Amino acid sequence: MHGIVENYKEKLICNKTLGSSEIKLITHEPQKAEKFLSLRQHKFKTLLELVNGNNKFEFQFACQTLSFDLRYCKSDAENTVMPLYVMCLGHDGTFQAPSNQRNNIESACKRILLCSKLLQCFTAENLMENGLGRKTFHLEDKVQVFNTTINYSDAREISQEHLWEQIDVMGSIYEKCLMEYLFISQQR
């Protein structure tokens with residue numbers, strides 16, 4: 001595959017292979033790196049992070065090599081999605097997670113950003129599959145931690161709609177004219 005132009009920074013690659021237990025992914029441009037992808041029932045998925053300009057990749061499996069180039073051109077979409085992690089007053093920002101996994105603010109932000117990138121990919125690919133072109137939205141590269149004045153215990157007692165009305169993102173430093181907000185708050 002050569003010369004595919006993308007207008008979003010991540011590309012989800014899914015494929016099926018026969019006879020190999022893992023695939024080696026080599027990034028040649030912008031900087032050389034290698035990683036191994038595990039297969040499940042002869043299938044794999046990986047999320048490729050693209051940089052502006054040319055991005056060269058290579059998959060090696062069994063005795064085969066598949067090379068491809070992706071060119072990322074930053075979207076000129078005016079609308080932007082800013083992922084937010086909302087923290088209520090009186091809460092430490094932890095969230096529900098298995099006991100063997102980190103559940104701090106940093107971990108929450110990493111998870112939210114990954115889910116946001118996947119949502120961006122799925123949106124573009126679904127629009128393409130339905131004949132609407134590979135359109136997408138611009139996604140901020142960082143999850144912002146948004147501290148609200150709503151007390152944690154009060155937030156648990158009100159409906160989601162009322163909570164949204166109380167969280168004043170639009171009156172905060174994050175207010176921007178063409179900005180949409182994707183957010184999640186801590187749970188317990």
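The values are calculated or read from the model by the stated rules, or taken from the named source; none is laboratory data. Quick caveat, the model's predicted, so the values are computed rather than measured. Neighbour counts are summed over all protein chains in view; Cβ atoms, including those assigned to glycine, are modelled from backbone coordinates with ideal geometry.
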Inset, instruction - Scan the range 56-74 and give yes if some residue there is at pLDDT below 80, within 17 Å of the chain's Cα centre (by Cα), within 21 Å of CYS121 (Cβ to Cβ) and surrounded by fewer than 15 Cβ atoms within 10 Å (Cβ to Cβ), otherwise no. - result: yes
Inset, instruction - Scan CYS109, CYS88, CYS121 and give me the residue that is modelled with pLDDT of 90 or more and either closer than 18 Å to LEU47 by Cβ or in contact with a strand residue (DSSP E or B) (Cβ under 6 Å, 6 or more places away or on another chain) (or both). - result: CYS109
Legend entry - Residue that is farthest from SER67 (Cα to Cα) [pool: residues in the range 1-48 that are at pLDDT 75 or above and of a type in the set (Gly, Ala, Ser)]: SER38
Inset, instruction - Please verify whether the range 124-136 includes one or more residues that are modelled with pLDDT under 75, farther than 23 Å from ILE105 by Cβ and assigned to a loop (DSSP other than H, G, I, E, B). - result: yes
Inset, instruction - Within the range 93-123, work out how many residues are assigned to a loop (DSSP other than H, G, I, E, B) and either basic (Lys, Arg) or touching a residue at least 40 places away in the same chain (Cβ under 8 Å) (or both). - result: 5
Inset, instruction - Find the residue count for the range 40-65, including only residues that are of a type outside the set (Val, Ile, Thr) and under 24 Å from ARG111 (Cβ atoms). - result: 8
Inset, instruction - Filter the range 80-109 down to residues that are within 15 Å of the chain's Cα centre (by Cα) and of a type in the set (Ser, Thr, Tyr) and give me whichever is farthest from SER153 (Cα to Cα). - result: THR80
